[in-house]
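Below is one structure, written out as structure tokens; comments come after it.
Nothing in this text is a laboratory measurement; each read-out follows from the coordinates by a stated rule. Values in this document were obtained by computation on a predicted structure and should not be read as measured data. Note that each Cβ is placed from the backbone with ideal geometry, even for glycine, and that neighbours are counted across all protein chains shown.
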């Protein structure tokens, strides 16, 4: 190891490291050899590890391509630091008569000012408390929304999401979902990886690692379809952690404690995003739930034998009257609407 460099840095403070050109270059563009050097340095001088970490945070926060700071603020802080570095090193080389103590004092004062400015920027942009965003749709209303990270979400009728971001660089993303939503999550990492997203439903937590997927969560039932990417289902009562792969469709009910997993065609799940509703041997009870969830109609059914029947058909998602007529023909029944109540009788 280079003993002369060890001797040079062993008395450095975090402010000294942040003003050192070689150290700044290492933090911004590290090489394997430099990484080994600094690992060895921190091993030999463990009392300097904290100073090294603090200086690295300072320099990283001042990088001009930092996405979480306003460009004008980044440029101003970076220029200030660069200018002070040049002034400091020029004074050491040219002004030999200047006392080192005076140079050090001047530089420390500058560093204090820089740290104060940086602290304010960090608090404002990186360490703020949770940012909360809410979106909601009414009955018979479908809406497309874009989250703060530019991820796309299509909300089905009578649905809502509440999202919050927190932590360093707002990389921690969580949301609650009631109803149904189709997600296309945007990559947030320059490496092509996704930052984790947690979606909390009434039945458990869905951990998303970057994907296109559809979630239905109403009452005790949750249905998850994965089109692209990866998903992990956590916190399911009395059920193990489950991993999903593209094409998987999982349904579970926390009351019945039942779960099923199978492969389905995507058009059977997310057809509602293109204004189609697909019924494929769907139990009549589920059709009534659809009328309640999407159209706000509460069914009154006297003949319970209808609940044992199923319905198949593809209809426009926004045409309630056509769906009712199709059901009347399929089951030989009369369906009439009074306010928000759907009366069902046999012909």
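Summary table below
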{"read-out": "Gain in span if fully extended, residue 343 to residue 49, counting 0.36 nm per residue against the direct Cα distance", "value": "98.5 nm"}
{"read-out": "Residues 272, 38 arranged by fewest to most Cβ contacts within 10 Å", "value": "38, 272"}
{"read-out": "Exposure proxy ranking, count of Cβ atoms within 10 Å, fewest first, for 28, 42", "value": "28, 42"}
{"read-out": "Rounded FRET efficiency, nearest 0.05, which uses the C-beta distance separating residue 28 from residue 255 and R0 of 35 Å", "value": "0.05"}
{"read-out": "Anisotropy class of segment 230-347 from Cα gyration tensor, a/c 1.5 cut", "value": "prolate"}
{"read-out": "Mean Cβ neighbour count within 10 Å, used as a protection proxy, ranking 336-347, 139-150, 223-234 highest first", "value": "223-234, 139-150, 336-347"}
{"read-out": "Centre separation in Å (Cα based) which lies between segment 1-55 and segment 137-161", "value": "49 Å"}
